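Down below is the structure, laid out as structure tokens.
All of the numbers you see were taken from the coordinates with simple rules; none came from a lab. Just so we're clear, the structure is a prediction, and the values are computed from it rather than from any experiment. We place every Cβ from the backbone using ideal geometry, glycine too, and count neighbours over all the protein chains shown.
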Amino acid sequence: MSRLRAPTPLRVLVLETLRALGLERPVKAASLEGLWPEVVGREIGMRTRPGSLSRGRLTVLVTDSIWLQQLTMLKPRLIEALNRRLGEPLVQDLFFRVETFAPVPPPPEAPPSPPAEPPPQVVLDAYLSPVEGLPCESVLARILRRALAR
């Protein structure tokens, strides 16, 4: 009697199929656009876009010549970071080209956290202030305390 094998995870099957079809590297190259802002950081990611990858040379579109010069000095670090993230030395060189495009807006900041609720006594005092000194104040205070305790 033969033993049943454990099912192979879909992730493994997809990777094996891509490798068998010779598509593993092209798929990784295509993933550069999505990885770019994560790898280069927010500031650079807003002013650049990855272009085509051909024979290990990635063309990077840059908004202006000042950033082109800055990025040229960062080239070795960028190549290393990209290849580390891709898991293999897919990018051998970066070619920077100035091209006009709208800078990518920064991702929206997380919405501010809601303000902390005031202590129950502050809420109670706020509700009771209009009836302060009136005969109904003590009854209303008891009702509000019970409601706030829930």
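Observations
- Listed by first and then second residue, the pairs with beta-carbon distance under 7 Å, at least 6 apart or on different chains, first residue in the range 109-132 and over 13 Å from Ile143 (Cα atoms), second among the acidic types (Asp, Glu), are Val131/Glu137.
- Looking at the range 35-144, the strands (runs of 3 or more DSSP E) lying wholly inside it that each contain 3 or more residues that are of a type in the set (A, V, I, L, M, F, W, C) and surrounded by 12 or more Cβ atoms within 10 Å (Cβ to Cβ) sit at 57-62, 93-98.
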